Amino acid sequence: MGADDGRWIDPADPTIPVDFKYQGEYVGSLDDGGKLGCQVVSLGSGVFQAVLYTGGLPGAGWDGKNRSIMDGKLKGEGVIFAAASGKRAHVAATRGREKKPSSTRVSLLTKFPPAGHRPCRAQIAGDKMKGKVEGASFSLSKTIRKSPTLGQKPPPGAIALFDGSHMKEWTGGSIHKKFATLMPEPNSLMSKRKFNNYTVHLELMLPYQPTYRSQDRGNSGFYQVHDYEIQVLDSFGMDGAHNECGGIYSHKGSDVNMCLPPLVWQTFDVEFTNAVVKDGRKIKDAVITVRHNGVVIHDKFEIPGKSKYGTRSHLQLGNPGPFKLQNHREPLQFRNIWVLPHGPTPALPVSQPSKPKPAMKPVAPATAAAKAMLGKWHIRFSNNGSKYVLNLKSDGRSHLARSGKAWDGVWVVKDGMLMVTNPHDVIRIKLMLKDGVYAGKNNFGTARLSRNELPKF
């Protein structure tokens, strides 16, 4: 991760673009004494958008109504902002990686212009922002907010699900060797224990990937009892919809968007009471209270049903379930995860020796259609816009490579379909050529296969 794929997980990474130091939160006041807050969002390639908040930052003084939007561009040792205008599409309307951010006219907010939008302009130099809104001058200073529950230790009776030293409480995922953080790669994390009613604390860091858009921007999900998803996403500066950070996915947006900038540690503190089911019928909805970075964003919300991607059946509602940290191939980091059960403490299941999976056996291509697929291909996945090289070898083995990563597997052509299988992925490509491109999909989204513009790695 880094310069090659436009994603960073370390604020001290020397390859991180200069844009990074200007994104973030600014707070101060107008010359007439009125408080003002601003969130500056990097969109990549020296392009920014800033949201001005009347009264202060979200969760810290903003009046909850009035906002203004400015467009910014990197210029010399600073950033110049002008009032956003004209017709705008919501930034979530685009997916994948944006190659030319300056060419798109977008708005961080769903409604443009937002309520209270006023003519404004500004300039950032160092850690100061100065400007004017409707002729009134303002001066803001950069601030880094810290959640009041950051680093909170497990209380008596709590179970430490992750303290940086081991993964005994989880299946899937991995520990980052340098940072000792929990990551939902190569597959989703699932807690081994199942819980019913509880208080849970979790800390997370969103990656910095400024050119990525919508659900491809630091996407994950924090699932309660495997049924109810608290969305995880880089939605800094946005509205806080149900599919943005902190939202109860497919049910309710946050009362206030408390998402902090990427590469800043954040917290979720959740009080959860499971649904009650009697005689196969739900008689009481699950109830959830969520504090994001110390601010209540859902207060005793009764969840009417499982989230869109909750995987348990209706018959399992009300039963204890695991926590899940969703893998979307995004480099999220988690740490300091603990849970305080409201009731008996569930035991850690005794692990059973797993049966070895049958080895994938390569089969040399025999048909003309299969032989035509031999060699190297350029493949691109829509879920993250990343480019890969797919090498289909004559002995039936496959090699999928991206800078810094590679996956070995097998391949076969059958019934007009190319199927590439590796331990973590299945790619299916329908062999119907259109404009030099074959189309298909993998576990996470659509895929495009061609011989053109092979990446060099």
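Observations on the structure shown:
- Any hit, region 53-70, residues being of a type in the set (Ser, Thr, Tyr), touching a residue at least 40 places away in the same chain (Cβ under 8 Å), in contact with an Asp or Glu (Cβ under 7 Å, 6 or more places away or on another chain) and within 28 Å of ILE16 (Cα to Cα): no
- Scanning region 42-71 for residues that are of a type in the set (Gly, Ala, Ser) and closer than 19 Å to GLU134 by Cα turns up ALA50, GLY55, GLY56, SER68.
- Odd one out for LYS178 among (1) surrounded by 15 or more Cβ atoms within 10 Å (Cβ to Cβ); (2) out of contact with any strand residue (DSSP E or B) (no Cβ under 9 Å at 6 or more places or on another chain): (1)
- Flag if SER313 is hydroxyl-bearing (Ser, Thr, Tyr) and crowded, with 16+ Cβ neighbours inside 10 Å: no
- Filtered residues of region 140-162 (kept if surrounded by 15 or more Cβ atoms within 10 Å (Cβ to Cβ) and not aliphatic (A, V, I, L, M)): LYS142, THR143, ARG145, LYS146, SER147, THR149, PRO154, PHE162
- Taken across region 333-350, residues that are within 30 Å of SER386 (Cβ to Cβ) and not in a strand (DSSP E or B) do not occur at all.
- Near pairs, Cβ below 6 angstrom, 6+ apart or cross-chain, from region 78-92 (crowded, with 17+ Cβ neighbours inside 10 Å and assigned to a loop (DSSP other than H, G, I, E, B)) to any residue that is of a type in the set (D, E, K, R) and at pLDDT 95 or above: ALA84/ASP71
- Flag not set for ASN257, criterion: crowded, with 22+ Cβ neighbours inside 10 Å, at positive phi, of a type in the set (S, T, N, Q) and not assigned by TED's automatic domain parsing to the domain that holds THR110.
- When residues of region 425-456 are limited to those that are within 17 Å of ASN391 (Cα to Cα) and part of a loop (DSSP other than H, G, I, E, B), the one modelled with the highest pLDDT: ARG451
- A search for C-beta distances below 6 Å between a residue of region 319-341 that is more than 23 Å from THR446 (Cα to Cα) and any residue that is charged (D, E, K, R), counting only pairs 6+ apart in sequence or on different chains, returns PRO320/LYS194; GLY321/LYS194; PRO322/LYS194; ARG335/GLU203; ASN336/GLU203.
- Boolean, ILE69 is in a strand (DSSP E or B), outside the structural domain of ASP234 (by TED's automatic domain parsing), within 24 Å of the chain's Cα centre (by Cα) and of a type in the set (A, V, I, L, M, F, W, C): yes
The values are calculated or read from the model by the stated rules, or taken from the named source; none is laboratory data. Note that the coordinates shown come from a computational prediction; the quantities given were computed from them, not determined experimentally. We place every Cβ from the backbone using ideal geometry, glycine too, and count neighbours over all the protein chains shown.
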